[in-house]
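Only one structure is covered here, and it is reproduced in the block below.
The values are calculated or read from the model by the stated rules, or taken from the named source; none is laboratory data. All of these numbers come straight from a predicted model, not from anything done at the bench. With ideal geometry, Cβ positions are generated from the backbone for all residues, glycine too; neighbour counts draw on all protein chains shown. These area figures cover heavy atoms from the full protein model, side chains too; ligands, DNA and RNA do not enter into them. Shrake-Rupley method; radii C 1.70, N 1.55, O 1.52, S 1.80 Å.
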Amino acid sequence: MTASRPLAAASLALLALLFTGCAAGGAAPAADSTSDAKTDSSDAAPAGDQSKEEACELVKTTLAELEGLASVDTSDPAAALEAFKGAEQTVNETAAQISNAEVKTAADGAAAAMTEYVTYVDGMLADPANADVSAMGDHLTALTEGITELTTVCA
């Protein structure tokens, strides 16, 4: 179609690599015990006295789940975007479960950056003629910084 589709695909591929790298750097191998996280989300409401370790365990589990984004077929940008929208929802749900003040700020920052990035790519695909391709680097930088801050807090 237009130049925006390949750029969106490349952008989504970079995002997948970002999550793979972050998850590999600090993810807990206990992802199996939380495979039903969506059904348990109401049971995992933020506790006012949540420890940093408890909050970071949520973060690490989420990042481990996001490793699957590396296998997303970015040759179909619309399908890839749907996968990343699911990841965005997961990141936002995790941030909502965190009440530890030290981790909460970083989790909210990463969730906001993820939402802004997915919204940007969605807009690029929806209206390629008016896509601001020059903003891609800024969105990727913000997302990278948000995820890096989160993984640093939980290192």
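Along the three principal axes, how long is region 74-134 when you take its alpha carbons, biggest first, rounded to the nearest angstrom?
Per principal axis, max minus min of the Cα coordinates gives 43, 22, 13 Å.
How large a share of the accessible area of region 66-124, in percent, is made up of carbon and sulfur atoms when the probe is 1.4 Å and the other protein chains stay in place?
Here carbon and sulfur together make up 51 percent of the probe-accessible area.
Along the Cα→Cβ direction, 7 angstrom out, place labels at T105 and A126. What is the inter-label distance in nm?
Between T105 and A126, the label points sit 3.3 nm apart.
With θ set to phi - 60° and the Karplus curve 6.51 cos²θ - 1.76 cosθ + 1.60, what are the ³J(HN,Hα) couplings of region 111-124 in order, to the nearest whole Hz, using x for Gly and Pro?
5, 5, 5, 5, 4, 4, 5, 5, 4, 4, 5, 4, x, 5
Please list 3J(HN,Hα) in residue order for region 66-78, calculated via the Karplus relation 6.51 cos²θ - 1.76 cosθ + 1.60 where θ = phi - 60°; whole Hz, with x for glycine and proline.
6, 4, x, 5, 5, 9, 5, 7, 7, 6, 10, x, 5
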